[in-house]
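Engineer: One structure follows; several queries about it will come next.
The values are calculated or read from the model by the stated rules, or taken from the named source; none is laboratory data. Keep in mind it's a predicted model, so treat the numbers as computed, not measured. Note that we place each Cβ from the backbone using ideal geometry, even for glycine, and neighbour counts take in every protein chain shown. When the accessible area is computed, the model is the full protein with side chains, heavy atoms only, and any ligands, DNA or RNA have been set aside. Shrake-Rupley method; radii C 1.70, N 1.55, O 1.52, S 1.80 Å.
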Amino acid sequence: MENRLKPMDAEQLREYGHKMVDFIADYYKTIENFPVLSQVEPGYLRNLLPDSAPNQPDSFQHVLDDIQAKILPGVTHWQSPNYFAYYPSNSSVAGFVGEMLSAGLNIVGFSWIASPAATELEMIVLDWLAKMLKLPEDFLSAGRGGGVIQGTASEAVLVVLLAARDKVLRRVGKDALEKLVVYASDQTHSSLQKACQMAGIHPENCRLLKATSSTNYALSPEFLSETISQDLTIGLIPFFLCATVGTTSSTAVDPLLSLGKIAKSNGMWFHVDAAYAGSACVCPEFRHYMDGVEVADSFNMNAHKWFLTNFDCSALWVKDRSALVQALSTNPEYLKNKITETMDGITTVWLGKPAMLYKKSYQVGQTF
Ligand code: PLP
């Protein structure tokens, strides 16, 4: 019995790892045989599993048998070629194999020293991706900007909203929080509203402007301008505009250049959410949908939607990373190290995980 309680060693990893890969390869081979939508009733699993955790270890084969008999029926098969709900969440065998490596190395890259390769690889690959998307050079890490991986587009918009909020509050004073106004079309993904709630933006100051069929459901620059003017006359402070390339419900594309100019002339942060359609913009024939991104402060696309990476992997670029650092840094003692302290203090990289936002910092050594 004692032997069975020992952690698995490298040889057992080899044996069970091969079995797990076989299990998943068989799953992919037969995935079309499953109904895409799970057919189970709510609560089905409680009847199939014991009331409390087992006292004794089980055999690997028995666990796989349980997964086959009890778990797979309760799975909705997002990777099925017949899956058309929500949005694509298409991983790939290459993505899955990469995830194995990531799980095996199991790095927590919250500072450069915690794993230099993790931070540097992230910066390099996001520069590559920025170049593929033909993002302006300001978004590359060689200058004041750069890219950082977040868990989701929802985290990305929260992070930039916080940066923008703190930037404007540094200028106008903390007490002005209730005067801050956010703008977007009513087609914008609900994550913006959620981010506003989390960032303490007054619910009435989150302007979701109606977009109609007359503009193909894109946000009208004239309507935006008028609304901003009205808000200014009553003493509010417009500070954040979110435009979308490919809205969730209708694939509308907001006119980035005109909107961005309005944002700039009012001293606002301009964020572009291209969560799912952004992937398509690496194709030269679709790149024009992003025209105007040069006036944006931040740009986000989800590699986990259409770029064949596993969920979750959302790429965020900013032109001025110091705004993020200032808003989100804390600099606790345990993250300080000599290398960090000898660097310039502005190159910072975030690694987002669902429900567990934490920053890995390069040169600053701070978390939030
Ligand atoms: N923005 C747009 C345009 C989307 O389509 C979605 C998801 O469908 C999101 C944001 C939210 O993405 P995530 O689930 O990565 O937070």
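Each row is one residue, and each column tells you yes or no for (1) under 19 Å from residue 263 (Cα atoms); (2) crowded, with 17+ Cβ neighbours inside 10 Å.
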| residue | (1), (2) |
| --- | --- |
| 180 | yes, yes |
| 191 | no, yes |
| 199 | no, yes |
| 216 | no, no |
| 221 | yes, yes |
| 225 | yes, no |
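Engineer: Listed residues 6, 29, 19; which is of a type in the set (D, E, K, R) and open to solvent by less than 90 Å² (accessible area, probe 1.4 Å)? Please lay out each step first, then the result.
Structural biologist: Details: 6 fails: open to solvent by less than 90 Å² (accessible area, probe 1.4 Å); 29 fails: open to solvent by less than 90 Å² (accessible area, probe 1.4 Å).
Every option except 19 fails the conditions.
Engineer: Name the residue, out of 163, 199, 176, that is within 16 Å of the ligand (Cβ to nearest atom) and either of a type in the set (Phe, Trp, Tyr) or modelled with pLDDT of 95 or more (or both).
Structural biologist: The match here is 199.
Engineer: Here's something else I'd like to know. If I ask for residues that are part of a helix (DSSP H, G or I), of a type outside the set (Asp, Glu) and under 14 Å from residue 180 (Cβ atoms), which ones from region 214-242 would you list?
Structural biologist: 228, 232 - these are the residues of region 214-242 that are part of a helix (DSSP H, G or I), of a type outside the set (Asp, Glu) and under 14 Å from residue 180 (Cβ atoms).
Engineer: Still on this structure, please answer the following. Mind listing whichever residues of region 171-181 are part of a helix (DSSP H, G or I) and in contact (Cβ under 8 Å) with a residue 60 or more places away in the chain?
Structural biologist: Result: 172, 176.
Engineer: Within region 254-306, restricting attention to residues that are among the hydroxyl-bearing types (Ser, Thr, Tyr) and more than 16 Å from the ligand (Cβ to nearest atom), which residue is most open to solvent (accessible area, probe 1.4 Å)?
Structural biologist: Residue satisfying both the conditions and the ranking: 265.
Engineer: Something else now. If you check 117, 184, 163, 94, which single one turns out to be surrounded by 22 or more Cβ atoms within 10 Å (Cβ to Cβ) and in a helix (DSSP H, G or I)?
Structural biologist: When all the criteria are applied, what remains is 163.
Engineer: Cβ-Cβ below 8 Å, separation at least six or inter-chain, first residue in region 147-158 and open to solvent by 10 Å² or more (accessible area, probe 1.4 Å), second more than 8 Å from the ligand (Cβ to nearest atom) and of a type in the set (Lys, Arg): which pairs?
Structural biologist: Within 8 Å, the pairs are 154/194; 158/194.
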